[in-house]
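Derivation of every value follows stated rules applied to the coordinates shown; laboratory data play no part. Source: prediction; values computed, not measured. Glycine also receives a Cβ, built like all others from the backbone with ideal geometry; neighbour counts cover every protein chain displayed.
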Amino acid sequence: MAEPASVVIVGAGPTGIACAIELEKRGIPATCYDKGFLLKTLYDFPEEMRWFSTRDLLDIAEVPFTAPEAHPTRLESLAYYRSVAEKFQVRVVPHTEIVSIQPRAGGGVTVFLSDGREVSAPAAVLATGFFHNPRRLGVPGEDLPLVHRRYVSGYPFHGRDVVVVGARNSAAEAALDLYRHGARVTLAVRGPAISERVKYWIKPDLENRIRAGKIRALFHTRLREIRPDAVLVEGPAGQQSLSADAVFPLIGYEPDFAFFERCGIRLEGENRIPSHDLETLESNVPGLYLAGAILGGTEVGRIFIENSRHHAALIAGSIERRRSPVIIR
């Protein structure tokens, strides 16, 4: 007998988990594929991270997020989302990269894996987020060993010269944590000040450390080159070289637009928003749906868990309405 094929969900983060649960509730098998593992992106968040959103806005699948503080920590979030995935027995295929998804004649999609295998599915959902894809500076030397694209902990940098590039949440939190772990921190900022979008309990803390001279901040400053033991920056005082044992270019993230284009998804407008139906979240590629933060294109601060929790129901409803038997050969 033919078994119903699973809907393929690209990404095993909170949004991917929510989509899988919603589909299974409707009797539609779903499997999450991730090039890392369950909640890999969340696992890679800074050790001391707390969500800006409150716990009541972060829950999924109608499972309450119980945490002692209003703003959950990274570890509390890992425990919560993992427990939800376990509760609903979400299927996850880890360490599997999907390179392209194409529509099939007669319906459904073909999913192409990096190892050369192909998977046929009635539909696919992209729930990849963007934290796995940090923006690049586009300067010489940014692939040297002293450059770290993710910030995890300040502990290894005690007594070291560290340059942090950026002025939003990732950079602000990293600068403070590095300082508190004993690093000598310089913050290089293109604009005139710390971003107004920085978490309300982080921004004044950082600004006070800057005013006290504990963290050096260079505003209106661009990083021009990274060398094995220094960086070259250019600002109001001209060019200068800063000693650096480590560099954190924390200038933001963006969806993997190259992957979207390989799948045939149109990117529209200045913000490169992937084409999609607002009622179903199906892209311009039949059978290929989009969920979560990627719907904002380059506006990565527009869609988070709290305002995308309805995406799973929209997608599952659309797939349910057009459901037809698909045979695995």
### Query
If you look at just the Cα atoms of the range 155-249, how large are its Rg and its Dmax in Å?
12.3, 35
### Query
Expressed as cubic angstrom per residue, what is the convex hull volume of the alpha carbon set of the chain?
143
### Query
Where does helix 311-321 land angle-wise versus the long Cα axis of the chain, in degrees 0 to 90, nearest 10?
20
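Highest mean first, how do 56-63, 179-186 rank when packing is the count of other Cβ atoms within 10 Å averaged over residues? Please report the intermediate quantities before stating the final value.
Values: 56-63: 15.9, 179-186: 19.5.
Those peptides, ordered most packed to least, come out 179-186, 56-63.
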### Task
Find the centroid of the Cα atoms in the range 1-57 and in the range 88-140, then give the distance between the two in whole Å.
13
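Among 189-202, 158-171, how do they line up by average Cβ neighbours within 10 Å per residue, starting with the highest? Walk me through the intermediate numbers first.
Values: 189-202: 14.4, 158-171: 21.3.
Going from most to least packed, we get 158-171, 189-202.
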### Task
Any aspartates and glutamates with Cα under 15 Å of the Lys199 Cα? List them, leaving off those in the same chain fewer than 8 positions away.
Glu48, Glu173, Asp177, Glu207
### Degrees between helix 169-180 axis and first principal axis of the chain (Cα, 0 to 90, nearest 10)
50
### Task
Give me the angle, in degrees from 0 to 90, between the Cα long axis of helix 74-87 and the longest principal axis of the Cα atoms of the chain, rounded to the nearest 10.
10
